[in-house]
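The values are calculated or read from the model by the stated rules, or taken from the named source; none is laboratory data. Just so it is clear, the structure is predicted and the values come from calculations on it, not from any experiment. When we count neighbours, we look across all protein chains shown, and the Cβ atoms used for this are built from the backbone with ideal geometry, even at glycine.
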Amino acid sequence: MLGATPYAEIIAAASEAHGVDPLLVRALIQVESNYKARARSRKGAMGLMQIMPSTAREYKLRNPFDPKANVAAGVRHLKGLIDRWGVELALAAYNAGEGAVKKFNGVPPYRETRNYVTKILSLAGVQ
């Protein structure tokens with residue numbers, strides 16, 4: 001369950017601006033970075049929403065460690081994925097990449113991705 005969270009105002013504003021459920025965004029951030037604005041993954045994902053360098057360039061995100069900019073770009077990216085795939089496949093694409101979702105014509109059979117999708121949907125109370 002999601003209680004009071006850091007960056008709540010930033011998340012609410014970006015979610016409202018792009019028509020994305022703020023609980024979904026909060027759950028994604030919790031799973032991706034545990035609200036650590038300076039988080040960096042082994043694969044190079046950065047910031048609260050763990051944005052990859054190519055995605056940062058696509059959304060003209062200059063400083064991926066700036067919480068407001070990171071969440072704004074991450075929510076725009078998530079919204080594009082949701083519009084294209086629906087929530088469940090959007091989360092799978094956010095985690096494993098759109099290529100993997102296309103290749104498997106659904107949630108890829110990767111344990112990490114399946115757990116990721118299930119955890120975020122559960123935290124957000126979606127299903």
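Quick notes on this one:
- Residue match in the range 69-82 (condition: over 17 Å from Ala17 (Cα atoms) and either outside any loop (DSSP other than H, G, I, E, B) or of a type in the set (A, V, I, L, M) (or both)): no
- Any hit, the range 37-55, residues being out of contact with any strand residue (DSSP E or B) (no Cβ under 9 Å at 6 or more places or on another chain) and assigned to a helix (DSSP H, G or I): yes
- Subset of the range 83-127 that is hydroxyl-bearing (Ser, Thr, Tyr) and over 14 Å from the mean Cα position of the chain (by Cα) - its residue that is nearest to Met52 (Cα to Cα): Tyr110
- Scanning the range 70-94 for residues that are among the small types (Gly, Ala, Ser), farther than 18 Å from Lys119 by Cα and surrounded by 21 or more Cβ atoms within 10 Å (Cβ to Cβ) returns Ala73, Gly74.
- Tally of residues being in contact with a helix residue (DSSP H, G or I) (Cβ under 6 Å, 6 or more places away or on another chain) and either without any contact (Cβ under 8 Å) to a residue 12 or more places away in the chain or surrounded by fewer than 19 Cβ atoms within 10 Å (Cβ to Cβ) (or both) across the range 45-58: 0
- Selection within the range 35-58 - touching a Lys or Arg at 6+ places or on another chain (Cβ under 9 Å) and either more than 18 Å from Leu24 (Cβ to Cβ) or of a type in the set (Lys, Arg) (or both): Met46, Met52, Ala56
- Selection count where residues are charged (D, E, K, R) and within 17 Å of Glu32 (Cα to Cα), scope the range 56-86: 4
- Matching residues, the range 43-64, being among the basic types (Lys, Arg) and either closer than 20 Å to Thr5 by Cβ or modelled with pLDDT of 95 or more (or both): Arg57, Lys60, Arg62
- Apart from one condition, Lys119 fits all of (1) surrounded by 13 or more Cβ atoms within 10 Å (Cβ to Cβ); (2) closer than 18 Å to Pro6 by Cβ; the exception is (2).
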